[in-house]
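Data first, discussion second: the structure below is written as structure tokens.
What follows is calculated from the coordinates using simple rules that are stated; it is not laboratory data. Computed from a predicted model, the values in this text were never measured in an experiment. Here the Cβ is made from the backbone with ideal geometry for all residues, glycine too, and neighbour counts use every protein chain on show.
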Amino acid sequence: MKSRNISLFLILITVAQLCCKKQETTLYLRYPEDVSITIDVPEMELKKPNLLIFYALPNGNSTAWTMGKRLENGDDWHFDIQHISAQTRFLRQQVNDRNIIVAYLENDLKSWPSWRRKYPNSSVLIHNIVDSVAAQFPSKDLKIALNGHSGGGSFIFGYLNGIDKIPNLVERISFIDSNYGYKDSLCHDEKLIDWLQGSDNRYLTVYAYNDSIALYKGKSFVSATGGTWYRSKMMIKDLGRSFDFTVDDRDSLIWYNALENRIQIILKHNPDRGIYHTEQVELNGFIHSILSGTLREEKAYRYFGQRVYNDFIK
């Protein structure tokens with residue numbers, strides 16, 4: 001399908017929204033047999049370009065928990081810790097020159113690392129997932145963002161492992177405390193460097209907290225080299241050979257910025273040895289992962305600040 005053509009799929013969505021006066025439409029797909037894809041489609045304006053965000057779920061979470069809802073008596077607490085749906089609605093209010101579409105990616109094992117181990121050809125399957133969903137939203141200006149929290153980062157690395165060069169279609173890659181699988185031996189650094197150098201409209205965002213000293217029930221649960229803190233330091237070192245980073249240590253966060261903030265690696269201090277895994281999403285983390293490096297960065301919100309999307313929770 002050529003990108004300039006409007007798919008029947010997209011026309012049907014638009015007609016349904018007009019008939020039902022709906023601002024959002026949720027679509028459900030299965031591909032392959034054990035992957036659920038839930039697509040949150042806004043009120044489409046066909047003249048606007050599309051930004052399609054692939055959000056790979058964290059380990060152990062359902063799509064419903066990840067999307068979030070306003071808590072009622074008896075609800076599971078997981079509904080109140082990510083709120084990707086509400087953060088998306090906030091984004092749509094701030095970004096009015098694009099249609100923002102979010103595809104939630106969940107597998108039956110509730111773990112992308114486990115799912116990839118199950119399939120020797122996982123990288124091929126991941127590319128098929130991305131290409132199949134992207135084909136439903138054709139546009140000459142279509143861009144995609146690869147995003148994921150926790151084990152969701154494994155989906156992104158599975159995508160990177162399956163290619164020699166990151167496609168021009170990819171505009172943004174975001175690891176929300178999820179870059180456990182980063183390895184220079186797999187040429188992740190070379191692929192990211194080549195991609196970032198290819199255009200001024202490409203963005204890399206990485207979050208991590210000092211999990212190497214964090215305690216759970218009084219015990220360490222991440223090795224000194226096994227967590228995102230260590231992997232993020234590796235990324236800074238590897239990317240630093242090609243890009244000049246500035247360092248800004250403020251408000252418990254260390255901001256490593258390069259390419260006029262198109263690269264942001266944000267590390268959180270951890271003097272109390274706490275666990276800040278989910279807060280990196282909850283405290284406007286998804287919002288910042290889409291707006292970092294743009295003119296809208298930290299406008300009407302602050303990363304790791306008060307939640308700005310509460311009015312958008314349904």
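For a 28 Å ceiling on Cα separation, which of these pairs sit above it: 140/191; 217/314; 140/183; 48/183; 118/191; 47/69? Among 140/191; 217/314; 140/183; 48/183; 118/191; 47/69, the Cα-Cα distance tops 28 Å for 217/314; 140/183; 48/183; 47/69. Applying 0.36 nm per residue to the separation of residue 186 and residue 248 and subtracting their alpha-carbon distance, the gain on full extension is 19.4 nm.
Of the trypsin sites (Lys or Arg not before Pro) found in segment 194-289, those in coil by DSSP whose Cβ has at most 15 other Cβ atoms within 10 Å are 217, 241, 273.
Karplus-based coupling profile of segment 280-293, in residue order and whole Hz: 5, 8, 4, 8, 6, x, 5, 4, 5, 5, 9, 9, 4, x, with θ = phi - 60° in 6.51 cos²θ - 1.76 cosθ + 1.60 and x standing for Gly or Pro. For residue 268, the residues whose modelled amide H falls within less than 5 Å of its own, excluding neighbours fewer than 5 places apart on the same chain, are 208, 209, 210, 254.
Annotation: amide H-H contacts under 5 Å for residue 102 (H modelled 1.01 Å from N, sequence separation of 5 or more, or interchain): 40, 53. Cβ-to-Cβ counts within 10 Å put 288, 78 in ascending order as 78, 288, the fewest first. Here the chain carries DSSP beta bridges of which approximately 45% are antiparallel, counting only pairs with both residues inside.
For the chain, set up a Gaussian network in which alpha carbons nearer than 10 Å are linked by springs, and say which option among 192, 291, 169 fluctuates the most. Checking each option, the largest mean-square fluctuation is seen for 169.
For residue 126, what is the net charge nearby, where nearby means another residue's Cβ is under 14 Å from its Cβ and Lys, Arg count +1, Asp, Glu -1? Cβ neighbours under 14 Å give a net charge of 0. Across 150, 36, 174, mean-square fluctuation computed from a Gaussian network of the chain (C-alpha pairs under 10 Å connected) peaks at 36. Evaluated with a Cβ-only charge set (Lys, Arg +1; Asp, Glu -1), segment 8-312 carries a dipole of roughly 140 debye about its Cα centre, given to the nearest 20.
Using the Karplus relation 6.51 cos²θ - 1.76 cosθ + 1.60 with θ = phi - 60°, the per-residue 3J(HN,Hα) values for segment 121-130 come to 9, 4, 5, 5, 5, 5, 5, 5, 4, 4 Hz, with x marking Gly and Pro. Each helix, a run of at least 4 DSSP H residues, gives -39500 (n - 2.57); summed and divided by the residues of the chain, these come to -8000 deg cm²/dmol at 222 nm. All other residues whose Cβ lies under 11 angstrom from that of residue 181 are scored, Lys and Arg at +1 and Asp and Glu at -1, for a net of +3.
Between amide H atoms placed 1.01 Å from N, distances below 5 Å from residue 203 occur with 172, 173, all of them 5 or more places distant or on a separate chain. Here is the list for segment 154-234: chymotrypsin sites (Phe, Trp or Tyr not before Pro) lying in DSSP coil, each with at most 15 other C-beta atoms within 10 angstrom of its C-beta, are 221.
In order along segment 83-90, the Karplus-derived 3J(HN,Hα) couplings, from 6.51 cos²θ - 1.76 cosθ + 1.60 at θ = phi - 60°, round to 6, 5, 4, 5, 5, 5, 5, 4 Hz, and Gly and Pro are given as x. Largest mean-square fluctuation among 143, 191, 47, in a Gaussian network model of the chain whose springs join Cα atoms under 10 Å apart, belongs to 47.
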